[in-house]
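Chemist: Starting off with a structure, shown below.
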Amino acid sequence: MPKTIYILNGPNLNMLGKREPGIYGGKTLDEIGTDCRAAAAKHGLEVDFRQSSHEGDLVNWIHEAGEKAAGVIINPGAYGHTSIALHDAIRAVNPLPVIEVHLSNIHARESFRHVSMIAPVAIGMICGFGPIGYNLALEALAARI
Ligand code: CA2
């Protein structure tokens, strides 16, 4: 049975490819999901790729990943800067490896994006490389699990 990686995407990321291509690039979230499935297959991994703009969905999916997944890649969107609930959910599934991804370089943007509630409970964080960040995270997880 191939191991499954949950790739979770937070609020507004369903808008990718439709607006603000200057910041987030021209790919849609569906296209990123397709690329992730192909990249994961090269490592013998399966991907369960999801998006929700509701914080509670993301919390529930992290709990579910604790039962069913070998690791999690999460682009928490703006919740990454604010959500103690996501921080606590990741702590609750420890030692499940979680990697935080952001398409943009959050440190080169507004100061409110410089803080991450996820980074302290993730095994690592990748930002600023656009959709390639998801591939880099898959590579890192594949090496880890
Ligand atoms: O760079 C990232 O991946 C972010 O997680 C994206 C979030 C932002 O709040 C984080 O600070 C960094 C925003 C996602 C919004 O996506 C849109 C895409 C197209 C049009 C409008 C919003």
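Chemist: For the condition of a type in the set (Asp, Glu) and away from the ligand (no atom under 14 Å from the Cβ), what is the one hit in Glu67, Glu20, Glu31? First the steps, then the outcome.
Modeler: Working: Glu20 fails: away from the ligand (no atom under 14 Å from the Cβ); Glu31 fails: away from the ligand (no atom under 14 Å from the Cβ).
Unique residue meeting the criteria: Glu67.
Chemist: Does at least one position in segment 112-134 carry a residue that is within 23 Å of Met1 (Cβ to Cβ), buried (at least 19 other Cβ atoms within 10 Å of the Cβ) and aliphatic (A, V, I, L, M)?
Modeler: No, because not a single residue in segment 112-134 is within 23 Å of Met1 (Cβ to Cβ), buried (at least 19 other Cβ atoms within 10 Å of the Cβ) and aliphatic (A, V, I, L, M).
Chemist: Sticking with this one: Which of the residues that make up segment 3-17 are near the ligand (Cβ under 8 Å from one of its atoms), among the hydrophobic types (A, V, I, L, M, F, W, C) and touching a helix residue (DSSP H, G or I) at 6+ places or on another chain (Cβ under 7 Å)?
Modeler: Matches in segment 3-17: Leu13, Leu16.
Chemist: Do we have any residue at all in segment 70-77 that's under 14 Å from the mean Cα position of the chain (by Cα) and polar (S, T, N, Q)?
Modeler: Yes, that holds for at least one residue.
Chemist: Is it fair to say Thr82 is more than 16 Å from the ligand (Cβ to nearest atom) and hydroxyl-bearing (Ser, Thr, Tyr)?
Modeler: Working: more than 16 Å from the ligand (Cβ to nearest atom): no; hydroxyl-bearing (Ser, Thr, Tyr): yes.
In short, no.
Chemist: Can Leu8 be described as within 12 Å of the chain's Cα centre (by Cα) and without any contact (Cβ under 8 Å) to a residue 60 or more places away in the chain? First the steps, then the outcome.
Modeler: Working: within 12 Å of the chain's Cα centre (by Cα): yes; without any contact (Cβ under 8 Å) to a residue 60 or more places away in the chain: no.
No: the conditions fail for Leu8.
Chemist: Further, regarding this structure: Looking at Ile106, is it surrounded by 18 or more Cβ atoms within 10 Å (Cβ to Cβ) and farther than 15 Å from Ile7 by Cα?
Modeler: Details: surrounded by 18 or more Cβ atoms within 10 Å (Cβ to Cβ): yes; farther than 15 Å from Ile7 by Cα: yes.
Yes.
Chemist: Among the strands (runs of 3 or more DSSP E) confined wholly to segment 46-145, which include 3 or more residues that are of a type in the set (Gly, Ala, Ser) and either more than 18 Å from Ile23 (Cα to Cα) or in contact with a Gly (Cβ under 6 Å, 6 or more places away or on another chain) (or both)? Working first, answer last.
Modeler: On the way: elements: 71-75, 98-102, 124-127.
Ranges flagged: none.
Chemist: How do the pairs read when you match residues in segment 84-107 that are under 17 Å from Gly56 (Cβ atoms) and without any contact (Cβ under 8 Å) to a residue 40 or more places away in the chain with residues anywhere that are away from the ligand (no atom under 13 Å from the Cβ) and in a strand (DSSP E or B), using Cβ under 6 Å and keeping only pairs 6 or more apart or on different chains?
Modeler: If the second residue must be away from the ligand (no atom under 13 Å from the Cβ) and in a strand (DSSP E or B), the pairs left are Ile90/Val98.
Throughout, read-outs are computed from the coordinates displayed, never taken from laboratory work. What you see is a predicted model; the values in this text were computed from it and never measured. Ideal geometry is used to build each Cβ from the backbone, glycine not excepted, and the neighbour counts take in all protein chains shown.
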